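Chemist: Quick one: the structure is below, questions incoming.
The values are calculated or read from the model by the stated rules, or taken from the named source; none is laboratory data. In this text the structure is predicted, and so the values were computed from the model without any measurement. FYI the Cβ positions are ideal-geometry reconstructions off the backbone, even for glycines, and counts take in every protein chain you see. All accessible areas refer to the heavy atoms of the entire protein, side chains included, with ligands and DNA or RNA removed. Shrake-Rupley method; radii C 1.70, N 1.55, O 1.52, S 1.80 Å.
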Amino acid sequence: MALVDTKKMFEMAYKGGYAVGAFNVNNMEITQGIIEAVAEEKAPLILQISKGARDYAKNSYLKGIINVCVEENPDIPIAIHLDHGDDFETCKQFVDDGFTSVMIDASKLPFKENIKLTKEVVEYAHKHNVVVEAELGQLGGIEEHVVGVEDVMKHLTDPDQVVEFVGKTGVDSLAVAVGTSHGAYKFKTAPKLAMDVIQAIQDKLPGFPLVMHGSSSVLKEFKDLINKYGGKMPDAMGVPEDAISEAVKMAICKVNIDTDLRMALTAKIRQVFAEKPAEFDPRKYLGPGREAIKQMVKHKLHVLGCAGKAAECS
Ligand code: G3H
Ligand code: 13P
Ligand code: ZN
């Protein structure tokens, strides 16, 4: 099967009360770990590439790796998505490069300017049969190219704006701010998501797919390994998995995960370095990292409820 867009995936996910995992890829081992997991679990897949990933690995290398995933897994519907495109030119370039989905993240702009820029991207992308995700409200946290707000609860998506936003832009899915943040430090005290905001948006836009960014859980297993083997992430805290399972039963159809991949890889590399200080063959530490990613992603596919759903999304 050639690369697909996310339309069918989201239609089935909405109806079925599950979400498709959107995993950030930066190199071969991360991508292989993810694809091996979805192949075994027979799940639909969104592979996403950020500006930072493209700068690091070069788009052509990442696209090459993803093309192999597609060729070798004809039964798995795979979409390739630009994560957090922040201007028209970037989105245009990814559309022209054959991506099947792009995100225009104009969430920092005032409402009317967000609409204007998003609409421009939608018009271009739709002409090329590419779907568009946009964002309303703002997330917290800091990644390389994505800097969030400090108090996420003050920047949640306003349910009263969503109908106008979707109507005027023609966007295909909407990333909503419901209390999550990017990165490994999402909450200072007890984790809390604004489930009532998801419900209110869903009530205003019945049938419309929503996206949840910043959805890593900061798994205890990897946090403990990192801290045990010389790392320093004592206060890392993610979104509890039961909250994610609850959100996907609502209108959340795409769940973005990057930090959990980074932590799985880092934890295993640290462990090998600490336990075998004489090791200098990259395959001996990247290999365990790739395997940890695979097992973690397999687990996530069950949390999201999309394991076994590849066929119905094809
Ligand atoms: O949402 C942001 C993603 O985790 C990508 O982060 O810009 O560091 O690649 P990055
Ligand atoms: P995490 O940092 O929680 O993995 O979120 C990733 C993300 O939202 C990518 O767009
Ligand atoms: Zn994001």
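Chemist: Quick one: what does P(r) look like for segment 143-293 with 5 Å bins over all Cα pairs, in whole %?
Modeler: For segment 143-293, the binned pair fractions read 2, 9, 17, 18, 16, 13, 9, 7, 5, 3, 1, 0, 0 percent.
Chemist: Can you give me the convex hull volume of the Cα atoms of segment 223-314, divided per residue and expressed in Å³?
Modeler: Working: hull volume 10.0 nm³, N = 92.
Spelled out: Cα convex hull of segment 223-314, divided by residues, is 108 Å³.
Chemist: Next question, about the same structure. Skip the ligands, DNA and RNA, and give the accessible area per residue of the chain with a 1.4 Å probe, whole Å².
Modeler: Values: 13480 Å² over 314 residues.
Ligands and nucleic acids excluded, the result is 43 Å² per residue.
Chemist: Taking only DSSP H segments of four or more residues, each worth -39500 (n - 2.57), what value at 222 nm results for the chain once the sum is divided by all its residues, to the nearest 500 deg cm²/dmol?
Modeler: Details: 13 runs with 151 residues, N = 314.
That comes out to -15000 deg cm²/dmol.
Chemist: Separate question: If only Cα atoms are counted, what is the Rg of segment 69-212, and what is its Dmax, in Å?
Modeler: 15.6, 46
Chemist: Now for a separate question. For segment 1-102, with the dipole built from +1 on Lys and Arg beta-carbon atoms and -1 on Asp and Glu ones, taken about the Cα centre, which of Val25, Pro77, Ala53 lies farthest toward the positive end?
Modeler: Sorting the options by dipole projection puts first Pro77.
Chemist: While we're on this one: If you take every DSSP beta bridge fully contained in segment 1-141, what fraction is antiparallel? Give it as a percent rounded to 5. Mind dumping the intermediate values first?
Modeler: Details: 0 of 16 bridges.
Beta bridges within segment 1-141, antiparallel portion: roughly 0 percent.
Chemist: In addition: If you roll a 1.4 angstrom probe over the protein chains with everything in place, what fraction of the accessible area of segment 38-80 belongs to carbon and sulfur, to the nearest %? List each step's numbers first, then the result.
Modeler: Working: 920 of 1860 Å².
Carbon and sulfur atoms account for 50 percent of the accessible area of segment 38-80.
Chemist: Oh, and also: What's the local net charge at Gln32, with K and R +1, D and E -1, over the other residues with C-beta under 11 Å away? Walk me through the intermediate numbers first.
Modeler: Details: positive: Arg290, Lys294; negative: Glu29, Glu36, Glu72, Glu291.
That works out to -2.
Chemist: Can you run phi through the Karplus equation (6.51, -1.76, 1.60; θ = phi - 60°) for segment 56-70 and list ³J(HN,Hα) in whole Hz, with x for Gly and Pro?
Modeler: Listing the rounded values in order: 6, 9, 6, 4, 5, 5, 5, 4, x, 5, 5, 4, 5, 4, 5 Hz.
Chemist: Evaluate the Debye formula for segment 1-144 with equal point scatterers sitting on the alpha carbons, no solvent, and hand back log10 of I(q)/I(0) at q = 0.15 Å⁻¹, in q order, two decimals.
Modeler: -0.77
Chemist: How long is the gain from Lys249 to Val147 if the chain were fully straight, where each residue apart is worth 0.36 nm and the alpha carbon distance is subtracted?
Modeler: On the way: separation 102, 0.36 × 102 = 36.72 nm, distance 2.88 nm.
Additional length available on full extension: 33.8 nm.
Chemist: Heavy atoms only, probe 1.4 Å: what % of the accessible area of segment 97-161 goes to carbon and sulfur, would you let me know? Intermediate values should be presented prior to the final figure.
Modeler: On the way: 1660 of 3220 Å².
Carbon plus sulfur share of accessible area: 52 percent.
Chemist: If you don't mind, there's one more thing I want to ask. Can you send over the carbon and sulfur percentage of the accessible area for segment 198-314, probe radius 1.4 Å, protein chains only? Present the calculation step by step, with values, prior to reporting the outcome.
Modeler: Numbers: 2820 of 5120 Å².
After summing per-atom areas, the C and S share lands at 55 percent.
Chemist: What does DSSP give for the chain in terms of the percent of beta bridges that are antiparallel, rounded to the nearest 5?
Modeler: Values: 1 of 33 bridges.
So the antiparallel bridges amount to about 5 percent of the total.
Chemist: Moving on. Among 269-280, 205-216, 186-197, what's the highest-first ranking by average C-beta atoms within 10 angstrom per residue?
Modeler: So the peptides 269-280, 205-216, 186-197, ranked by packing, come out 205-216, 186-197, 269-280.
Chemist: Leaving ligands and nucleic acids out of the surface, order Asp75, Asp281 by accessible area at 1.4 Å, largest first.
Modeler: On the way: Asp75 115, Asp281 35 Å².
The most accessible residue leads, giving Asp75, Asp281.
Chemist: Would you pull out the residues with amide H under 5 Å of Ala79's amide H, same chain only if 5 or more places away, H placed 1.01 Å from N?
Modeler: Here Val4, Leu45, Ile46, Leu47 satisfy the definition.
Chemist: Over the chain, what portion of Cα pair distances is larger than 23 Å, expressed as a whole percent? List each step's numbers first, then the result.
Modeler: Values: 26399 of 49141 pairs.
Above the 23 Å cut-off, the chain has 54 percent of its Cα pairs.
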